[in-house]
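The values are calculated or read from the model by the stated rules, or taken from the named source; none is laboratory data. These figures come from a predicted structure and were not determined experimentally. Please note: Cβ atoms are built from the backbone with ideal geometry, for glycine as well, and neighbour counts cover all protein chains shown. What goes into the accessible areas is simple: the full protein's heavy atoms, side chains included, and nothing from ligands, DNA or RNA. Shrake-Rupley method; radii C 1.70, N 1.55, O 1.52, S 1.80 Å.
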Amino acid sequence: MMAAAAAAAARRAATGLFPLLLSSQSRAFPRHGESLALPALVRPRRLLSHPAKLFFCSAAASSNGAAPEKARDMHLYNTRSRRREPFRPRAPGGEVGMYVCGVTPYDDSHIGHARAYVAFDVLFRYLRYLDYEVRYVRNFTDIDDKIIARANQLGEDPFSLSKRYSDDFLSDMAHLQCLPPSVEPRVSDHIDQIVTMIKQIIDNGCAYVVSGDVYFSVDNFPEYGKLSGRKLDDNRAGERVAVDERKKNPADFALWKAAKDGEPWWDSPWGPGRPGWHIECSAMSAQYLGNSFDIHGGGEDLIFPHHENEIAQSCAACCDSSINYWVHNGFVNVNGQKMSKSLGNFITIRKVIELYHPLALRMFLLGTHYRSPINYTVEQLNVASDRLYYTYQTLRDCEESTQQDQSSSGGSLPFTTTHCIEKLHEDFETSMSDDLHTSVALAAISEPLKVMNDLLHTRKGKKQEKRLESLAALEEKVRMVLSVLGLMPSSYHEALQQLREKALRRAGVTEEQVVQKIEERTAARKAKQFGRSDEIRDELAALGVALMDGPDGTAWRPSVPASEQPVAAKSST
């Protein structure tokens, strides 16, 4: 069996899990103060030529250093201290190390995964915007009880199953425009590092062996519970921890599991077996970031037991191990209920993006602060999709207007334009530096979009001095904000077309049918059958198709279905 596992690992190493590159990355990725006047390729992330070696940091090296000068101080909420703290990297002038717990790929990824990885993608992007170099590590737990159970259910090799769902996950992340991490390690490729760390924990008196299993002894780690605030008495057997009479304390957890028939296994000093769930992240974060690094992230559900156990393991293996900031995103509810398979409200990313543009899902997720619970409803997703269409339509109209006449009369922009741009810049950086308040950053683009529409479409706006220069400057600044939020499409035109196609699919009609209804309505208006004209307009509005009359005829655009308009109005206030 070990040979089979080794062969499977070799196959995976040969094929690899190469991150999908995003078409939107052909746009410039801005940093603080950087101009976006000309398109540029996204700056390639810096990769080390060889894996970082496991090392033990001294107490002096683990202390916070003074950060280099940045645009402004950034603050992050630290779960461990339970307060907002100014961000100070461990290595001033060096790379920021960030580890985010990845998926266990045994099924399609759901919107809870989307919530987590969009949140940490924004953190990754904003740190880079502030001119930090970031080494972002996100793992795959590619061997686990759930993977083995699902593989047995489907009659499939566990490694083949996890590879398939890992690839699907990467595709989902690409659709959501999450930038690829610097490193994406898999557990099955790091067994040696895991075994080495378990040995260190045993040698330091914090683990014991029972019949080929290795358990961490929480009684020998006095600081256990510091992250979650839980006491050992809270860990009653049969609730959050498994009942096992061989344990010295019911809260003790497995570092190594003895092999069972039909399961993948590897050799170890304690006999054939495989790693426990928690030890993998301690070993892989140490491998690529060292025993002490800046940020460790994940969902709120990982605070206990996973991250609590990670701290215990890492510190038991290396006394100088420390992580400065523990960052966690909030839960996702569906129609007011916690999302779960047992309730039948388990929603996958793929299911959502069948009917909605992936960036509409991303905009919906960014509309709530990452630490707050978010309530997923179709109505709110419709609002996000409508807002995305309005944003891209405005920016496309602006782009087309400025491309028609690229001449410049020189001189400074009007005060109203510069004031609008400066306010957007200030509101954006203030909100993002305050623990990533993306909802406030999104709200900040509303006024510039309104100003742009006035310049584009109103009689007064079209007469404004330096109108085209103002439009170009406003579009550039809004584009910067969207780029950092991961909402910048490769093409406004393509994104608008995709949004229209998704809206038609939700409505259950074709574009030809909509055009036919428009022609029928036009004929009714010419015949002065205004009642019928209104009926046709209302029929389409109920489906989420809005008609717009203009001098060149009637056009249509996606909209929030008429029955949901009160929800949309409430969301915009």
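Some values worked out for this structure:
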| read-out | value |
| --- | --- |
| Residue that is least open to solvent (accessible area, probe 1.4 Å), among those in segment 144-158 that are closer than 24 Å to Gly299 by Cβ and either in contact with a strand residue (DSSP E or B) (Cβ under 6 Å, 6 or more places away or on another chain) or of a type in the set (D, E, K, R) (or both) | Asp144 |
| 2 or more residues on the phi > 0 side of the Ramachandran plot, touching a Pro at 6+ places or on another chain (Cβ under 8 Å) and of a type in the set (Lys, Arg): qualifying helices (runs of 4 or more DSSP H) within segment 484-562 | none |
| Positions within segment 227-240 being modelled with pLDDT under 95 and in contact with a strand residue (DSSP E or B) (Cβ under 7 Å, 6 or more places away or on another chain), in sequence order | Asn235 |
| Given (1) of a type in the set (D, E, K, R); (2) surrounded by fewer than 22 Cβ atoms within 10 Å (Cβ to Cβ); (3) assigned to a helix (DSSP H, G or I), number of the condition Arg80 does not satisfy | (3) |
| Residue in segment 224-244 that is touching a helix residue (DSSP H, G or I) at 6+ places or on another chain (Cβ under 8 Å), open to solvent by 30 Å² or more (accessible area, probe 1.4 Å) and aromatic (Phe, Trp, Tyr) present | no |
| Residue within segment 187-197 that is touching a Pro at 6+ places or on another chain (Cβ under 8 Å) and surrounded by fewer than 18 Cβ atoms within 10 Å (Cβ to Cβ) present | no |
| Residue match in segment 442-453 (condition: open to solvent by less than 50 Å² (accessible area, probe 1.4 Å), of a type in the set (Ser, Thr, Tyr) and either assigned to a loop (DSSP other than H, G, I, E, B) or assigned by the TED database to the domain that holds Leu388 (or both)) | no |
| Conditions (1) open to solvent by less than 10 Å² (accessible area, probe 1.4 Å); (2) under 23 Å from His357 (Cα atoms): number failed by Leu474 | (2) |
| Check on Pro269, open to solvent by less than 20 Å² (accessible area, probe 1.4 Å), assigned to a loop (DSSP other than H, G, I, E, B), at pLDDT 95 or above and not aromatic (Phe, Trp, Tyr) | no |
| Enumeration of residues in segment 337-377 that are surrounded by fewer than 17 Cβ atoms within 10 Å (Cβ to Cβ) and assigned to a helix (DSSP H, G or I) | Arg350, Lys351, Glu354, Leu355 |
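Residue-wise test of (1) part of a helix (DSSP H, G or I); (2) buried (at least 21 other Cβ atoms within 10 Å of the Cβ); (3) touching a Leu at 6+ places or on another chain (Cβ under 8 Å).
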| site | (1), (2), (3) |
| --- | --- |
| His113 | yes, no, no |
| Ala119 | yes, yes, yes |
| Val134 | no, yes, yes |
| Gln177 | no, yes, yes |
